Amino acid sequence: MKVGQDHYRSIWVEGGAVRIIDQTRLPHEFIVVTLDTLGQAATAIRDMWVRGAPLIGATAAYGVAIAMRDDPSDAGLARACATLIKTRPTAVNLRWALEEMARVLGPLAPSARAGAAMARAAEIADEDVAINAAIGDHGLQIIRAIAGRKGGPVRILTHCNAGWLATVDWGTATAPIYKAHQAGIPLHVWVDETRPRNQGAHLTAWEMAGSGISHALIVDNAGGHLMQHKEVDMVIVGTDRTTARGDVCNKIGTYLKALAAHDNGVPFYVALPSPTIDWHLEDGVAGVPIEERSGDEVSFVQGKLPDGTVTRLRISPEATPAANPAFDVTPARLVTGLITERGVAAPGALAGLFPDHPR
Ligand code: MRU
């Protein structure tokens, strides 16, 4: 996607160096960071310089590639995977990418691993872009159908950031939005702020503004009201892990949006690249590990002061502890459709689109 006049991916290789955008600094500062070591790659994922399930997977793949430059031995490969798998627990793309790197690199002689690792990481990044573009094409058909039934812009609510910043390019939830915008379909996007880390306010809003798409930032609690008053035509969210039966784990608050959508007859779609499917799990509520992050993310907000300084402000009494579960699970029964790179499936019919995947 474009940042100003320049095309960016969220992770790329330049002169052999792996580069990312430090997403903790957006929307106020655009800072590119080079990842030189395995430790830096792990920190980038753990501290959310990069985030979003597909980008976590791609960064982990490049993290293994970086590690192979320093120590391509079997022990080095095992250490790289063991270090990276611990960074964040919920997005299954992390496990998927590390298993894929181990599968490709394991049989090779150590001397061949560094080159092969960089090549496979680049392929994983390119595959992500192609997957998301295909999700965009399938989602576009849904938006086009809604546009055909109603006058005025199609109003889409989204939660968190499942945009190009959360993937290598296009985004998952935003891919149909970008494709529809490019096709000239009038849109309006309701952007949930997504407390506590405000990925909606900081990242999705930045993406929408940068792409010239009509949008408005709303507090997380506004969605139900807007749906009751027929101000939302559809919801599209991303996911960090979707189970074989279609339970959807995504950023905390997604479940409440799904309940509100269900109560108001608003279609609730999930954009879903296949590496985000956990074929080993059925019951998402019981089985998906939910990341518990620092309470400081709840007790503080980050923003820009009138003098331009970016800072954190405490919003609660110092004596008040905070709990911070980062994800929740929306049961499959609340999901209208899963928009994958192979087409749109009812939640229970996901396996039909992927007969080649292990159950
Ligand atoms: O904690 P984050 O910012 O990594 O959470 C991101 C999300 O919940 C996204 O919706 C999800 O990863 C899908 S990204 C295409």
Filter result for the condition that a residue is farther than 30 Å from LYS230 by Cα and free of Cβ contacts under 8 Å to residues at least 60 places away in the same chain, over ALA286, ALA351, ALA260, ALA244: ALA286
Qualifying residue in the stretch 26-38 (condition: at positive phi, in contact (Cβ under 8 Å) with a residue 24 or more places away in the chain and within 16 Å of the ligand (Cβ to nearest atom)): no
Members of the stretch 228-246 that are on the phi > 0 side of the Ramachandran plot and away from the ligand (no atom under 16 Å from the Cβ): LYS230
Failed criterion for LYS257 (all others in (1) within 16 Å of the ligand (Cβ to nearest atom); (2) exposed (fewer than 15 other Cβ atoms within 10 Å of the Cβ); (3) part of a helix (DSSP H, G or I) hold): (2)
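Of the residues that sit in the stretch 162-182 and are aromatic (Phe, Trp, Tyr) and open to solvent by less than 10 Å² (accessible area, probe 1.4 Å), which one is farthest from the ligand (Cβ to nearest atom)?
So the first thing to find is which residues in the stretch 162-182 are aromatic (Phe, Trp, Tyr), and the list is 164, 170, 178.
Narrowing the set further to residues that are open to solvent by less than 10 Å² (accessible area, probe 1.4 Å) leaves 164, 178.
Working: TRP164: 9, TYR178: 13 Å.
Checking each candidate, the answer is TYR178.
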Residue ID - nearest to the ligand (Cβ to nearest atom), chosen from residues in the stretch 316-326 that are loosely packed, with under 12 Cβ neighbours inside 10 Å and without any contact (Cβ under 8 Å) to a residue 24 or more places away in the chain: THR320
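Name the residues in the stretch 142-161 that are touching a strand residue (DSSP E or B) at 6+ places or on another chain (Cβ under 8 Å) and either at pLDDT below 95 or away from the ligand (no atom under 16 Å from the Cβ) (or both), would you?
Correct list: ILE142, ILE143, ILE146, ALA147, PRO153, VAL154, ARG155.
Looking only at residues in the stretch 183-195 that are without any contact (Cβ under 8 Å) to a residue 40 or more places away in the chain and more than 15 Å from the ligand (Cβ to nearest atom), which one is most open to solvent (accessible area, probe 1.4 Å)? Full working, then the answer.
Of the stretch 183-195, the ones without any contact (Cβ under 8 Å) to a residue 40 or more places away in the chain are 184, 186, 188-189, 191, 193.
With the extra rule that they be more than 15 Å from the ligand (Cβ to nearest atom), the set shrinks to 184, 186, 188.
Details: GLY184: 59, PRO186: 77, HIS188: 34 Å².
Here the answer is PRO186.
Of all the residues that make up the stretch 39-74, how many are among the basic types (Lys, Arg) and either modelled with pLDDT under 95 or within 14 Å of the chain's Cα centre (by Cα) (or both)? Talk me through it step by step, then tell me what you get.
So the first thing to find is which residues in the stretch 39-74 are among the basic types (Lys, Arg), and the list is 46, 51, 69.
Now drop any that are not either modelled with pLDDT under 95 or within 14 Å of the chain's Cα centre (by Cα) (or both), which leaves 51.
Counting residues in the stretch 39-74 that are among the basic types (Lys, Arg) and either modelled with pLDDT under 95 or within 14 Å of the chain's Cα centre (by Cα) (or both) gives 1.
Grab the helices (runs of 4 or more DSSP H) fully contained in the stretch 15-91, keeping just those with 2 or more residues being touching a Ser or Thr at 6+ places or on another chain (Cβ under 8 Å) and surrounded by 24 or more Cβ atoms within 10 Å (Cβ to Cβ). Steps first, please.
Values: elements: 38-46, 53-70, 74-85.
Once the helices (runs of 4 or more DSSP H) in the stretch 15-91 are filtered for at least 2 residues that are touching a Ser or Thr at 6+ places or on another chain (Cβ under 8 Å) and surrounded by 24 or more Cβ atoms within 10 Å (Cβ to Cβ), what remains is 38-46, 53-70.
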Residue list for the stretch 219-241, filter: open to solvent by 20 Å² or more (accessible area, probe 1.4 Å), closer than 20 Å to TYR269 by Cβ and β-branched (Val, Ile, Thr): none
Qualifying residue in the stretch 71-83 (condition: within 16 Å of the ligand (Cβ to nearest atom) and closer than 18 Å to VAL13 by Cβ): no
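Please specify each residue of the stretch 196-211 satisfying the condition of being among the polar types (S, T, N, Q) and either crowded, with 21+ Cβ neighbours inside 10 Å or within 18 Å of ILE315 (Cα to Cα) (or both). Don't jump to the end; show me each part of the working.
Of the stretch 196-211, the ones among the polar types (S, T, N, Q) are 198-199, 204, 211.
Selection gives ASN198, GLN199, THR204.
Is it the case, given these coordinates, that VAL50 is touching a helix residue (DSSP H, G or I) at 6+ places or on another chain (Cβ under 8 Å), within 13 Å of the ligand (Cβ to nearest atom) and free of Cβ contacts under 8 Å to residues at least 60 places away in the same chain? Step through it out loud before you land on a result.
Details: touching a helix residue (DSSP H, G or I) at 6+ places or on another chain (Cβ under 8 Å): yes; within 13 Å of the ligand (Cβ to nearest atom): yes; free of Cβ contacts under 8 Å to residues at least 60 places away in the same chain: yes.
Yes; evaluated as a whole, the condition is true for this residue.
Would you call VAL285 more than 16 Å from the ligand (Cβ to nearest atom), open to solvent by less than 30 Å² (accessible area, probe 1.4 Å) and not in a strand (DSSP E or B)? Lay out the reasoning, then the answer.
On the way: more than 16 Å from the ligand (Cβ to nearest atom): yes; open to solvent by less than 30 Å² (accessible area, probe 1.4 Å): no; not in a strand (DSSP E or B): yes.
Criteria not met by VAL285.
Among VAL301, VAL329, which is assigned to a strand (DSSP E or B), in contact with a helix residue (DSSP H, G or I) (Cβ under 7 Å, 6 or more places away or on another chain) and surrounded by 12 or more Cβ atoms within 10 Å (Cβ to Cβ)? Can you show your working first?
Numbers: VAL301 fails: in contact with a helix residue (DSSP H, G or I) (Cβ under 7 Å, 6 or more places away or on another chain).
When all the criteria are applied, what remains is VAL329.
The values are calculated or read from the model by the stated rules, or taken from the named source; none is laboratory data. Here the structure is a predicted model, which is why all the values come from computation and not from measurement. Virtual Cβ from ideal backbone geometry, glycine too; neighbours counted across all protein chains shown. For accessibility, only protein heavy atoms count, side chains too; no ligands or nucleic acids. Shrake-Rupley method; radii C 1.70, N 1.55, O 1.52, S 1.80 Å.
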